[in-house]
Every structure is written in C-alpha cells, then in structure tokens.
Amino acid sequence: MIELVHLVKKFGELAAVNDLTLTVPRGQFFAVLGPNAAGKTTTLKILAGLMKPTAGSVRVSGFDVQTEPLEARKRMAFVPDFPFLYDKLTPWEFFRFTGQLFQMTDEQIQTEGGELIARFNLESCVNQPIEGLSHGTRQRVAIVSALLHQPEVFIIDEPMVGLDPQHARVVKDILKERSLKGMTVLVSTHQLSVAEELADCIGIMHQGRLIAAGTREQLRKLSGAAGPLEEVFLALTSENGAVEKEHSLSEKI
C-alpha cells in the first residue's frame with residue numbers, strides 16, 4: 001500500500017531524506033520514530049504529495065504520487081502535526097466540504113460524519129466556528145475529516161498533539177480498529193508509548209536514513225537492548241549505534 005524506493009530529498013547540500021526504501025503492506029500499523037531533524041515529517045509530506053522528492057519514487061495503493069497524484073490522493077488521508085482548517089467554517093461545514101472533495105454523497109457524509117462525530121465527542125461544538133475551538137478539539141476535527149472517506153492509507157504526524165488522555169484513547173482505538181479492517185496506518189511520533197502499544201512494525205530514522213525497521217522483538221535483537229522500546233531507540237540512535245547498527249528489515253515487512 002505504501003512504497004518508498006530510494007527516496008531522497010535535499011535542501012541545498014543537506015539531505016533531509018537520504019536513500020530511504022520502505023514497503024508497508026495493507027492493514028499494517030507502521031510507526032516511524034526518530035530524533036528531531038531525522039527526516040520524518042519531510043518523508044510524510046513527500047508521501048502525501050505536498051513536496052517533490054529530489055530522487056526516488058513514492059507509490060500509494062499502486063499509484064505514483066508524482067505522476068498519478070489524483071488517483072493516489074483519492075485513496076489516502078494525511079493529517080500534519082499542525083493541520084490547516086478553515087476557521088470561519090463550523091466542523092460540520094468542514095466535514096461536508098471534505099466529503100464533497102472526495103465525491104461522497106450527502107447521505108454518506110451524514111452517515112459517516114455522524115458516527116465519527118459521536119465517537120470523537122464533537123456533538124457540542126459541531127455547529128460552532130472552528131476559530132473558537134481549542135487546539136485539541138481542532139485536532140479531533142482534523143482527524144475526523146481525514147477518516148470521513150474511509151481512506152485505504154492513513155498518514156498522520158504526531159497524532160496525540162493537544163489531545164487529553166480520553167481523546168487520545170479514542171484516536172488510538174479507532175486507528176487500530178481500522179488497521180485491523182485493512183486500512184494501512186503510517187504514524188510519525190515522538191511518543192514511544194504510542195509505537196509500543198499500537199504498531200505492528202516500527203521504523204527508526206536518523207539523519208535522513210531509515211537505520212532500522214521491524215517488529216519490537218526484531219529491533220531489540222538488532223540493538224542489543226533487551227529492555228523497553230526507549231532503551232532500543234536510544235541504543236540505535238546513539239552516535240555509535242546509528243553507524244554500527246544501520247540496517248533495514250523493510251524487505252521482510
């Protein structure tokens with residue numbers, strides 16, 4: 001469902017993404033971890049079609065994001081770490097607008113939107129202007145709008161930003177439920193607990209490279225750390241570890 005092949009993105013002499021190859025199959029929940037400036041957000045923006053790669057290719061559901069952008073975008077949803085919303089609209093107006101972009105009927109929007117609004121506890125604010133909503137509520141609105149058309153591939157950068165524990169639990173539950181039903185989920189996060197709890201496979205980026213990818217047990221063996229994911233992450237991204245352990249298991253995923 002997601003194919004990144006020798007992906008490179010340079011800003012001048014800086015390679016923000018450096019020869020990244022990764023395949024994520026249908027229904028897999030894949031979490032990307034990495035230190036600041038590891039290239040995670042740049043990778044997600046290229047995957048979503050918001051940024052052109054310097055080299056390499058990206059395919060979503062079999063469609064090249066650069067040469068077949070409309071077909072690829074029909075099948076995906078992307079929620080950035082700071083999503084853009086139309087402040088003068090209400091959440092319900094925004095959901096209708098989003099649904100219409102994906103050629104959903106009014107009945108489909110009403111049905112899917114109603115279920116998601118209830119699930120995300122948005123009933124009390126669904127007819128209020130978005131500009132007056134809290135950061136956490138805006139995040140829930142962004143996630144609902146992205147899930148509305150039932151995408152095949154769901155990409156989200158820092159999903160728990162601004163969410164209280166109750167609504168963070170809702171997001172975790174619904175993303176895991178949908179992945180079990182076949183939606184491919186790619187999450188970039190600094191919260192190791194999210195990856196440890198939800199991810200089928202975990203990739204670790206460092207200095208623009210995918211230095212490791214696999215299940216939690218595979219990463220533990222690779223890092224030599226037998227403890228929690230935090231120890232594994234620190235071992236792999238340490239200055240010596242990143243050089244000595246650079247290895248990808250993506251062909252096995």
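The values are calculated or read from the model by the stated rules, or taken from the named source; none is laboratory data. Small disclaimer: the values here were computed from a predicted structure and weren't measured. In this analysis, Cβ positions are derived from the backbone assuming ideal geometry, glycine residues included, and neighbour counts consider all displayed protein chains.
Some observations on this one:
Here's the yes/no breakdown for (1) farther than 18 Å from VAL17 by Cβ; (2) surrounded by 15 or more Cβ atoms within 10 Å (Cβ to Cβ):
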| residue | (1), (2) |
| --- | --- |
| VAL60 | no, yes |
| ARG73 | yes, yes |
| THR98 | yes, yes |
| PHE102 | yes, yes |
| THR105 | yes, no |
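- Considering THR90, THR98, the condition of being modelled with pLDDT of 95 or more and out of contact with any His (no Cβ under 9 Å at 6 or more places or on another chain) is satisfied by THR90 alone.
- Residues (buried (at least 20 other Cβ atoms within 10 Å of the Cβ), among the hydroxyl-bearing types (Ser, Thr, Tyr) and in contact with a strand residue (DSSP E or B) (Cβ under 7 Å, 6 or more places away or on another chain)) located in the stretch 191-241: THR237
- The set of residues from the stretch 152-176 being closer than 25 Å to ASN36 by Cβ, touching a residue at least 12 places away in the same chain (Cβ under 8 Å) and part of a helix (DSSP H, G or I) comprises VAL171, LYS172, LEU175.
- For the stretch 34-83, a residue qualifies if it is β-branched (Val, Ile, Thr) and touching a residue at least 24 places away in the same chain (Cβ under 8 Å), and the qualifying residues are THR41, THR42, THR43, ILE46, THR54, VAL58, VAL60, VAL79.
- Subset of the stretch 2-22 (residues that are in contact (Cβ under 8 Å) with a residue 12 or more places away in the chain and not β-branched (Val, Ile, Thr)): GLU3, LEU4, HIS6, LEU7, LYS9, LYS10, ALA15, ALA16, ASN18, ASP19, LEU20, LEU22
- Test: residue in the stretch 239-246 that is touching a residue at least 60 places away in the same chain (Cβ under 8 Å) and out of contact with any His (no Cβ under 9 Å at 6 or more places or on another chain): no
- All positions within the stretch 84-132 that are more than 23 Å from LEU175 (Cα to Cα) and either touching a residue at least 12 places away in the same chain (Cβ under 8 Å) or in contact with a strand residue (DSSP E or B) (Cβ under 7 Å, 6 or more places away or on another chain) (or both): TYR86, ASP87, LYS88, LEU89, THR90, ASN127, GLN128, PRO129, ILE130, GLU131
- Qualifying residue in the stretch 167-177 (condition: among the small types (Gly, Ala, Ser) and within 25 Å of VAL232 (Cα to Cα)): yes
- Options PRO228, PRO159, PRO165: the member that is within 30 Å of GLY114 (Cα to Cα) and more than 13 Å from the chain's Cα centre (by Cα): PRO165
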